[in-house]
Amino acid sequence: MDSYTAVNTTIIEEQLKQHQMRVSKVCEKIARALNMPYSEIIELLLAAQLHDIGKLWIPENILNKPDKLTDEEKEVMKKHVWYGYNYMVERKMSSTTAEAVLYHHERFDGQGYIGLKGREIPLFPRIISVADAFDAMTNDRPYRRAMCPTEALEEIKRNSGTQFDPEIVDAFLGLFDDVISKNLESAKMKKKWPKL
């Protein structure tokens, strides 16, 4: 990619912005639960707000495809982490922030886009991946309807240690302890979830 002129429309930009803001709010809650220093939280929030910036260079027909992606389309989609990383580096963002963009699709078991595993994956992308997955599952996508939040929480719990860092999952689930005990049945019935 020689030029950083984004190929997508303002609609895609708005969808990305809303997703990235929701992800950053969840990241902040996780970071506070982990007692991260304020300066690190600020940097994490910047990374979370820009984690999918590379999707601006992914063709709209792939981003909005209502069906399963082909293997070739999946490879194109995977490039968004590199586009985002290169964008960050060109703008002289910190290496921590740029690497969070690059590694946010890594899996704790090493089966992610690049292949880092466990603690090889920096902390910021380990946090972003949990928040990103929760937001993706609880919001409509072109290829599927949103899950209810309780189903999404169960999915994250089920993937602790494989897709996600167990320590981050524990901190994330801890955010919902009171909500779960007070509102579980109500949330299931209404398919809504109280704000964190």
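The values are calculated or read from the model by the stated rules, or taken from the named source; none is laboratory data. These figures come from a predicted structure and were not determined experimentally. Positions of Cβ are backbone-derived with ideal geometry, glycine not excepted, and every protein chain shown enters the neighbour counts. Areas reflect the complete protein model, heavy atoms only, side chains present, ligands, DNA and RNA absent. Shrake-Rupley method; radii C 1.70, N 1.55, O 1.52, S 1.80 Å.
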Scan the stretch 32-69 residue by residue and report those that are closer than 30 Å to Gly174 by Cα, acidic (Asp, Glu) and not in a helix (DSSP H, G or I). Asp52
Any residue at all in the stretch 175-194 that's modelled with pLDDT under 85, open to solvent by 40 Å² or more (accessible area, probe 1.4 Å) and under 17 Å from the mean Cα position of the chain (by Cα)? no
Considering residues of the stretch 94-109 that are touching a residue at least 24 places away in the same chain (Cβ under 8 Å) and not in a helix (DSSP H, G or I) only, the residue surrounded by the most Cβ atoms within 10 Å (Cβ to Cβ): His104
Go through the stretch 70-93 and give me each residue that's surrounded by 15 or more Cβ atoms within 10 Å (Cβ to Cβ) and not in a helix (DSSP H, G or I). Lys79, Met93
The listed residue being among the basic types (Lys, Arg), surrounded by fewer than 20 Cβ atoms within 10 Å (Cβ to Cβ), at pLDDT below 90 and part of a helix (DSSP H, G or I), out of Lys29, Lys17, Lys25: Lys17
In the stretch 56-68, how many residues are surrounded by 15 or more Cβ atoms within 10 Å (Cβ to Cβ) and without any contact (Cβ under 8 Å) to a residue 40 or more places away in the chain? 1
Across the stretch 46-86, which residue is farthest from Gln18 (Cα to Cα) among those that are β-branched (Val, Ile, Thr) and touching a helix residue (DSSP H, G or I) at 6+ places or on another chain (Cβ under 7 Å)? Val76
